[in-house]
1. Report the extension gain between residue 1 and residue 32 in nm, rounded to one decimal, defined as 0.36 nm multiplied by the number of residues separating them, less their alpha carbon distance.
2. Given charges of +1 on the Cβ of Lys and Arg and -1 on the Cβ of Asp and Glu, with all other atoms neutral, how large is the dipole of region 1-94 about its Cα centre, in debye to the nearest 20?
3. Find the Rg to Rh ratio for the chain, where Rh is the Kirkwood radius over alpha-carbon pairs and Rg uses the same atoms.
4. Per residue, how big is the convex hull around the C-alpha atoms of region 1-59? Give it to me in cubic angstrom, could you?
5. Using per-residue counts of other Cβ atoms within 10 Å, averaged over each peptide, order 82-91, 97-106 from highest down.
6. Using a 1.4 angstrom probe on heavy atoms only, work out the carbon and sulfur share of the accessible area of the chain in %.
7. Once you put a point 7 Å from the Cα of residue 43 and another 7 Å from the Cα of residue 20, both along the Cβ direction, what distance in nm separates them?
8. What are the ³J(HN,Hα) values, in whole Hz, obtained from phi via the Karplus relation 6.51 cos²θ - 1.76 cosθ + 1.60 with θ = phi - 60°, for each residue of region 37-51 in sequence order, with x given for Gly and Pro?
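The values are calculated or read from the model by the stated rules, or taken from the named source; none is laboratory data. Please read all numbers here as calculations on a predicted model, not as lab measurements. Virtual Cβ from ideal backbone geometry, glycine too; neighbours counted across all protein chains shown. Please note that ligands, DNA and RNA were not included when accessible areas were found on the heavy atoms of the full protein model with its side chains. Shrake-Rupley method; radii C 1.70, N 1.55, O 1.52, S 1.80 Å.
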Amino acid sequence: MAKITYKHPDGTETVVDVPAPNTVMRGAKINNIVGIEAQCGGSAQCGTCHVYVDETCGVALPEMHEDEDEVLYGTASPRRDSSRLSCQLRITDDALDGLVVHLPERQS
Ligand code: FES
């Protein structure tokens, strides 16, 4: 289980507990959080689950794979150093507990 904070473009935030082995993308979908489209269903192909990780939260992230890196160059909102695909951020045991992500203005 991990507590994940989703910060919306309007400044509001939603905090939810997401059980393993869900991803940060799936955590948004099962909690009806608007702002992550996830058109490919989590296979790192569409880029519509793009998030900006809040680097001040201090949570260690899994290494970025080559496929994720390539897809992040085609996202609707600009790629930043903090960009990740939320479908590639998987919760395992306590990993990602306390993660804070900012949702981009648009996904497609
Ligand atoms: S859901 Fe499509 S890239 Fe993450």
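1. The residue 1-residue 32 span can extend by a further 9.4 nm.
2. 320
3. 0.91
4. Spelled out: Cα convex hull of region 1-59, divided by residues, is 94 Å³.
5. The packing order, highest mean first, is 82-91, 97-106.
6. 44
7. Taking the two extended label points, one gets 2.7 nm.
8. Whole-Hz 3J(HN,Hα) from phi for region 37-51: 7, 6, 4, 8, x, x, 9, 6, 10, 9, x, 8, 10, 4, 9.
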